[in-house]
Structure formats: structure tokens, C-alpha cells
Amino acid sequence: MSDQWIPPSQQRRRIDFEALGVRPGRYVLPDVTNFIVTENGSREGAERLHDYLDGKTDLASLQPAEIDFVRQHFLDAAAEQLQKCIAHFESKVPRRYASARPNAIATAWAKSVVTSPESTRSLLVVGPTGTGKTHYAYSVLRAVAETGSRNGWASYTAADLYAQLRPRTGRDSEATFETIAGTDVLFVDDLGAAKLTEWTEEVTYRLINHRYEQCKPGIFTSNVPPTQLRDALGERIASRLTEMCERITLKGDDRRKGMAA
Ligand SMILES: Nc1ncnc2c1ncn2[C@@H]1O[C@H](COP(=O)(O)OP(=O)(O)OP(=O)(O)O)[C@@H](O)[C@H]1O
Ligand SMILES: [Mg+2]
């Protein structure tokens, strides 16, 4: 747990999540009056808790009952946050991919995204039509949700992305671009599915380049064979994707054919 990312505000407060056995996160601090009211805690204990929560002392200065109070508060907060993340995921995942469950690679990737987003390479999931790329990508997003972290995620098919970003009167497409480009974990499905126009190539380039420059992790899928990626997406996009992504190749037959049988 020691490699977990700890929010700066909590670092200042020296909340020792590892010693408490709690997943680090951005949680509301406990209300110390509850310690006195509900736990029969002493006033001196409350003072000690205040000092600890203000970052003036460390965990060793607290009595066992005070440590239990802090631990229980953060355990409850972590459990609540995890539940919210999963509920949010369940409400957003397309029904068809709701059963997708992460494998060990997806789970490890999600953990890495939480602990060190800048050094986590994005995933480029490739393979022919129907081999399960979108399914795989949603399993990875589920793994991100299951970390219980507050990392935001968003998913778009490339086609939907272009529809969202197309300039339209009365809509600030630049603001939309910035929101999408700034998402903690961005999933873009079906890159290169349609022939790029000058405009779609420019938008794709700006988006990929933004993610590339900011070292933000994401998941991309494409059924363009890797050797044809340059032709399909253009040199600048393909080159960046190659550097920033770990490639996952799905093989096999079109699963949809098997289902139709
Ligand atoms: N590992 C899996 N276990 C069970 N079902 C799966 C799995 N992978 C994919 N499927 C199912 O197979 C079908 C095709 O999967 P998916 O839509 O992910 O393919 P795809 O590679 O994204 O296809 P396309 O290139 O057309 O976008 C879906 O119904 C999906 O739910
Ligand atoms: Mg797909």
C-alpha cells in the first residue's frame, strides 16, 4: 500500500492510511464531536484527535480507542466511496458490456492508473471485428471503478466523439473538447473505423496529442491492423499512439457469429 498516491491535503495532515489499513483517498475528516458523543471519548482524547487531524501530531500520539475511531471513520468513508464508484459505473456501462469482468492485467492497469497515472501507458486494444475489444475496454473501466478512486472516466465511440465536437451554433465545442481531453481515464472506441476527413483527423490529433503531452492514461480500440494504423490514422496520430500505448491484441473469430448460431 505504501506506493499508493496520497492526496496532498492528506499528506499535509499526515493521515497514515497504511498504518490505519485504509485505502488512501480524499475523504472528509471525521467529526471529533462524535468521538465524545457516541464513543464515550474523553476531552483529552478529543484534543489529541484534533491535533492529529490538524497534522500537528502523528498516529503514535493517539490512544487505541482514538485510533479505532479514526480507522473506523476512514474505513466507512472508503466503503461508501467504493460503492458510489461502482454504482456510477453500473449506471453508465452499456447493457451489452455490463457483464464484462476485469482479468488480472486489467486490474493491475487500473491500480497503476490510481497510484501513478503519469507513468501508466494507455492501452490500445486491437483485433478484428467482434473479437471483444469493446468488451475488454469496459472490463478495464470496471476495474478502474473497483479501485474506489475518484478518478473520473468517460467513454465515447470515435463517431460519437466527432458528433459531440462538431462546431454547432450555440455550443462551445472548445469547452467540450477540453472537458473530454482532460478526463482522468478516457476510452475512445473504434479509432479509424471510418475514413478520416481533414477535420476528424485534426480533432483526433488534438485529442491524442493532448493526452500524450499530459501523460494521461486511456484506452483506445481499433480494428485497423497495427501495420495499417499509419495509413488509417495518419503518421502523427499513429506515432503518438505507438509510443504512449501498450498494445493488447485480441485474436479469434467474430464472437457475434458464434452467438447467432
Ligand atoms: N470475453 C468475453 N466473454 C463473453 N462475451 C464476450 C467477450 N468478449 C466479447 N464478448 C461478446 O462478444 C460480442 C462482440 O464483442 P465486442 O462488441 O466487444 O467486439 P469488438 O471487437 O468491439 O467488435 P467491433 O470491432 O465490431 O467493435 C459482444 O456481444 C460481447 O458482449
Ligand atoms: Mg467494438
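Quick note: the coordinates plus some simple rules give every number you see, no bench work behind them. Because the structure is a prediction, the values reported are computed rather than measured. Counting neighbours? That spans all protein chains shown, and the Cβs are built from the backbone with ideal geometry, glycine included.
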**Prompt:** So, in the range 69-98, of the ones that are among the charged types (D, E, K, R) and under 17 Å from the mean Cα position of the chain (by Cα), which residue ends up nearest to ligand 2 (Cβ to nearest atom)?
**Reply:** Lys92
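For the range 223-235, check the following and say yes or no: at least one residue is touching a residue at least 40 places away in the same chain (Cβ under 8 Å), under 15 Å from Ala181 (Cβ atoms) and of a type in the set (S, T, N, Q). Give the derivation first.
Step one: filter the range 223-235 for residues touching a residue at least 40 places away in the same chain (Cβ under 8 Å), giving 223-226, 232-233.
Then drop every residue that is not under 15 Å from Ala181 (Cβ atoms), which leaves none.
No: the range 223-235 contains no residue that is touching a residue at least 40 places away in the same chain (Cβ under 8 Å), under 15 Å from Ala181 (Cβ atoms) and of a type in the set (S, T, N, Q).
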**Message:** With the requirement that a residue be among the charged types (D, E, K, R), out of contact with any Asp or Glu (no Cβ under 8 Å at 6 or more places or on another chain) and more than 16 Å from Thr38 (Cα to Cα), what does the range 51-89 give you?
**Reply:** Asp51, Asp54, Lys56, Glu80, Lys84
**Flag for Lys251 being assigned to a loop (DSSP other than H, G, I, E, B) and within 16 Å of ligand 2 (Cβ to nearest atom)** = yes
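Among the listed residues Thr57, Thr107, Thr120, identify the single one that is of a type in the set (Ser, Thr, Tyr) and over 15 Å from the mean Cα position of the chain (by Cα).
Numbers: Thr107 fails: over 15 Å from the mean Cα position of the chain (by Cα); Thr120 fails: over 15 Å from the mean Cα position of the chain (by Cα).
Within the list Thr57, Thr107, Thr120, the selection yields Thr57.
Kindly indicate whether any position in the range 86-93 is surrounded by 21 or more Cβ atoms within 10 Å (Cβ to Cβ), closer than 30 Å to Thr200 by Cα and within 13 Å of ligand 1 (Cβ to nearest atom).
Going through the range 86-93, the residues surrounded by 21 or more Cβ atoms within 10 Å (Cβ to Cβ) turn out to be none.
Within the range 86-93 (the criterion being surrounded by 21 or more Cβ atoms within 10 Å (Cβ to Cβ), closer than 30 Å to Thr200 by Cα and within 13 Å of ligand 1 (Cβ to nearest atom)), the answer is no, since none of the residues qualifies.
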**Message:** Restricting to the range 210-234, name every residue that is surrounded by 15 or more Cβ atoms within 10 Å (Cβ to Cβ) and among the polar types (S, T, N, Q).
**Reply:** Thr221, Ser222, Asn223
**Complete:** Here the residues within the range 229-246 that are within 16 Å of ligand 2 (Cβ to nearest atom) and within 22 Å of Ile105 (Cα to Cα) are none
**Message:** Quick test of your reading of the structure: Thr120 fulfils all but one of (1) in contact (Cβ under 8 Å) with a residue 12 or more places away in the chain; (2) exposed (fewer than 15 other Cβ atoms within 10 Å of the Cβ); (3) more than 16 Å from ligand 1 (Cβ to nearest atom). Name the failing condition by number.
**Reply:** (2)
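Could you say which residue among Thr157, Thr197, Thr183, Thr169 is surrounded by fewer than 21 Cβ atoms within 10 Å (Cβ to Cβ), without any contact (Cβ under 8 Å) to a residue 60 or more places away in the chain and under 15 Å from Pro217 (Cα atoms)? Outline the logic, then answer.
Values: Thr157 fails: under 15 Å from Pro217 (Cα atoms); Thr197 fails: under 15 Å from Pro217 (Cα atoms); Thr169 fails: under 15 Å from Pro217 (Cα atoms).
Only one candidate passes the filter, namely Thr183.
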